[in-house]
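Below is one structure, written out as structure tokens; the observations come after it.
The values are calculated or read from the model by the stated rules, or taken from the named source; none is laboratory data. Just so we're clear, the structure is a prediction, and the values are computed from it rather than from any experiment. Using ideal geometry, Cβ is built from the backbone for each residue, glycine included, and neighbour counts are taken over all protein chains shown.
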Amino acid sequence: MKNLICASCNIKNCMKDVKGEDPEYCPTIIHSEEIKKSFKKYCKDPFTNKIALAAARVEGEGYGKWTRVKEAIEFAKKIEAKKIGIATCVGLLKEAQVLAGILKKNGFQVESICCKAGKIDKTKMGLKEDEKVRKGLFEPICNPIAQARLLNNAKTDLNLVVGLCIGHDILFLKNAQAPSTVLIVKDRVLGHNPAAAIYLSHSYYQGLK
């Protein structure tokens, strides 16, 4: 399989309905069969079709006008979600509380679960004391699998991830049964805006390169 290098493309011909001008490295050309197979799922699989149409309609109605929170609310309405789960980091409980209030005012039932549920010390899963943030003290694991399973049991229709750590978000998304999206991406240094490091990679964050 040839390498996928869209991140290096400056042409963006995929945004134009023009044939014969795609660069030779474009996946539209070199992976056309896989793309055709993928597209069939949008049309034939009811769940995929429902999610894809809702996403496209949210984009069409709110492009450049709606915040991510507003988009989440409108998306939930379009997929006819009634119960929304919030999988939150303990450090963002205040934000989760505000979010829950907003969702309830918009007519949704809300189930929320904190990452530290269970109070299990990190050493019990094999972490050494000197690998903790607070060495020698009780430090509970983040428990995204329990968060996912409890929201599964609550039969949520849509889950919103609020600030789970990198890696923990992966485990939550892998174990959640309801469609799930990330509302807040954790970045403790940049106010939960990880894109800022990329925007400033030519100056303050040159060390990233």
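Worth a mention:
- Residue count for the range 181-200, restricted to those that are in a loop (DSSP other than H, G, I, E, B) and not charged (D, E, K, R): 8.
- In the range 74-94, the qualifying residues are those that are under 13 Å from Leu164 (Cβ atoms) and small (Gly, Ala, Ser), and the one that is surrounded by the most Cβ atoms within 10 Å (Cβ to Cβ) is Ala87.
- Within the range 166-209, if we keep just the residues that are within 18 Å of the chain's Cα centre (by Cα) and among the β-branched types (Val, Ile, Thr), the residue that is surrounded by the fewest Cβ atoms within 10 Å (Cβ to Cβ) turns out to be Ile166.
- So Ile84, is it in contact with a helix residue (DSSP H, G or I) (Cβ under 6 Å, 6 or more places away or on another chain), of a type outside the set (Gly, Ala, Ser) and in contact (Cβ under 8 Å) with a residue 12 or more places away in the chain: yes
- Residue check, Lys174 of a type in the set (Lys, Arg) and in a loop (DSSP other than H, G, I, E, B): no
- Test: residue in the range 2-22 that is of a type in the set (D, E, K, R), free of Cβ contacts under 8 Å to residues at least 40 places away in the same chain and surrounded by 12 or more Cβ atoms within 10 Å (Cβ to Cβ): yes
- If you check Ile30, Ile51 for being of a type outside the set (Gly, Ala, Ser), at pLDDT 95 or above, surrounded by 12 or more Cβ atoms within 10 Å (Cβ to Cβ) and outside the structural domain of Asp157 (by TED's automatic domain parsing), only one passes: Ile51.
- Considering residues of the range 100-148 that are assigned to a helix (DSSP H, G or I) and acidic (Asp, Glu) only, the residue nearest to the chain's Cα centre (by Cα): Glu131
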